[in-house]
Amino acid sequence: MKLAFVASKTEEAQKALAALRAEFGEHRPADADLIVPLGGDGFMLQSLHRYRELNKAFYGMKLGSLGFLMNQHRSEGLLDRIERAKPTLFRPLEMTAVSESGATVHALAYNEVSLLRQTKQAAHIRVFLNGTEKLAELVCDGVLVATPAGSTAYNLSANGPILPLDSRVLAMTPISPFRPRRWRGAILPSDIEVKLEVLDHYKRPVSATADANEVRDVVEVTIQESTRHTANLLFDPEHKLEDRILNEQFAI
């Protein structure tokens with residue numbers, strides 16, 4: 001099996017990279033059977049974006065501060081671990097953002113698409129689902145739409161729900177909402193189209209972010225689960241992502 005090891009820039013990850021390449025060989029991602037990112041969840045997301053067009057599976061190993069999407073780092077029995085690993089299919093979100101200048105930006109998000117105020121002024125956002133207005137005016141610091149895989153990231157920090165990985169739903173969560181006071185978000189079917197319209201955008205500018213891809217001064221953002229793109233992540237049977245999501249709901 002040809003493995004392509006890629007690593008974050010931390011000293012720990014770079015040291016592991018050299019050792020693994022010495023033991024298992026060095027292959028370009030395009031020529032490998034599998035890509036092995038070494039780092040934390042942030043580096044895994046970078047790898048998913050960078051190598052998406054190669055249509056390779058990913059088996060990450062944790063060498064960073066967060067490793068929800070990673071397996072334990074050890075080289076012993078690595079090939080056997082990979083053979084026994086369970087695949088998990090990720091479906092990213094597709095974001096289409098229109099800025100004040102009229103430019104349109106398309107981006108993918110494996111975790112979430114988030115809108116955030118750019119100044120001290122609260123954002124005013126109108127919410128549409130499948131073309132139907134659901135909230136005429138959401139006054140908040142921002143709002144996000146998260147995938148099940150991303151529901152334990154920024155979404156959880158914003159008091160959003162944790163979603164089972166195979167649930168085929170999305171979490172829509174406001175960030176510090178002011179009006180309407182009782183609205184705390186929604187769980188949406190994954191095939192829905194979400195459109196977020198920024199009201200009074202000159203006075204209350206808003207940025208949109210798809211994972212790490214940011215667009216400033218947006219006036220409208222459309223979000224849908226991708227039907228064209230997927231990512232295949234492999235997890236050790238004893239550390240299945242479904243179990244991690246389940247355990248996270250009981251973490252104190």
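The values are calculated or read from the model by the stated rules, or taken from the named source; none is laboratory data. Note that this is a predicted model, so its numbers are computed, not measured. FYI the Cβ positions are ideal-geometry reconstructions off the backbone, even for glycines, and counts take in every protein chain you see. Ligands, DNA and RNA are stripped out before the accessible areas are found, and what is left, the full protein with its side chains, is counted by its heavy atoms. Shrake-Rupley method; radii C 1.70, N 1.55, O 1.52, S 1.80 Å.
Considering each residue of segment 112-132, count those that are polar (S, T, N, Q) and surrounded by 18 or more Cβ atoms within 10 Å (Cβ to Cβ), and give that number.
At the first step, the residues of segment 112-132 found to be polar (S, T, N, Q) are 114, 118-119, 121, 130, 132.
Now drop any that are not surrounded by 18 or more Cβ atoms within 10 Å (Cβ to Cβ), which leaves 114.
Result for segment 112-132: 1.
Please go through segment 29-59 and pick out each residue that is basic (K, R) and within 18 Å of I82 (Cα to Cα). Even if it seems obvious, please write down each step before you answer.
Narrowing segment 29-59 to residues basic (K, R): 50, 52, 56.
Matches in segment 29-59: K56 only.
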For segment 47-64, which residues satisfy the criterion of being within 15 Å of the chain's Cα centre (by Cα), closer than 23 Å to D166 by Cα and open to solvent by 60 Å² or more (accessible area, probe 1.4 Å)?
H49, R52
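Would a scan of segment 65-75 turn up a residue that is among the basic types (K, R) and either surrounded by 18 or more Cβ atoms within 10 Å (Cβ to Cβ) or touching a residue at least 40 places away in the same chain (Cβ under 8 Å) (or both)? So that I can check it myself, show each step before the final result.
Our first condition is that a residue be among the basic types (K, R); within segment 65-75, this holds for 74.
Filter again for either surrounded by 18 or more Cβ atoms within 10 Å (Cβ to Cβ) or touching a residue at least 40 places away in the same chain (Cβ under 8 Å) (or both), leaving none.
For segment 65-75, residues among the basic types (K, R) and either surrounded by 18 or more Cβ atoms within 10 Å (Cβ to Cβ) or touching a residue at least 40 places away in the same chain (Cβ under 8 Å) (or both): absent.
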Which of (1) touching a residue at least 60 places away in the same chain (Cβ under 8 Å); (2) open to solvent by less than 40 Å² (accessible area, probe 1.4 Å) is the odd one out, the single condition L135 does not satisfy?
(1)
When you check L34 against the structure, is it within 18 Å of the chain's Cα centre (by Cα), open to solvent by less than 50 Å² (accessible area, probe 1.4 Å) and under 16 Å from L233 (Cβ atoms), yes or no?
no
For G150: the one exception among (1) buried (at least 21 other Cβ atoms within 10 Å of the Cβ); (2) more than 26 Å from R216 (Cβ to Cβ)
(2)
Counted residues in segment 83-111 being out of contact with any Asp or Glu (no Cβ under 9 Å at 6 or more places or on another chain), of a type in the set (V, I, T) and surrounded by 13 or more Cβ atoms within 10 Å (Cβ to Cβ) come to 1
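Results for (1) touching a His at 6+ places or on another chain (Cβ under 9 Å); (2) among the hydroxyl-bearing types (S, T, Y), shown as yes or no for each residue.
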{"position": "L20", "(1), (2)": "no, no"}
{"position": "R28", "(1), (2)": "no, no"}
{"position": "L45", "(1), (2)": "no, no"}
{"position": "Y51", "(1), (2)": "no, yes"}
{"position": "L54", "(1), (2)": "no, no"}
{"position": "G64", "(1), (2)": "no, no"}
{"position": "P87", "(1), (2)": "no, no"}
{"position": "Y110", "(1), (2)": "yes, yes"}
{"position": "V113", "(1), (2)": "no, no"}
Output the strands (runs of 3 or more DSSP E) that fall wholly within segment 79-188 and possess 3 or more residues being modelled with pLDDT of 95 or more, or say none.
93-99, 104-109, 112-117, 123-129, 132-140, 142-146, 169-175
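Has segment 198-211 got any residue that is small (G, A, S), open to solvent by 10 Å² or more (accessible area, probe 1.4 Å) and under 22 Å from the mean Cα position of the chain (by Cα)? First the steps, then the outcome.
Taking segment 198-211 first, the residues small (G, A, S) are 207-208, 210.
Add one more test, that the residue is open to solvent by 10 Å² or more (accessible area, probe 1.4 Å), and what stays is none.
The answer is no; no qualifying residue exists.
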Mind counting the residues in segment 157-194 that are in contact with an Asp or Glu (Cβ under 8 Å, 6 or more places away or on another chain), within 21 Å of I125 (Cα to Cα) and open to solvent by 60 Å² or more (accessible area, probe 1.4 Å)?
2
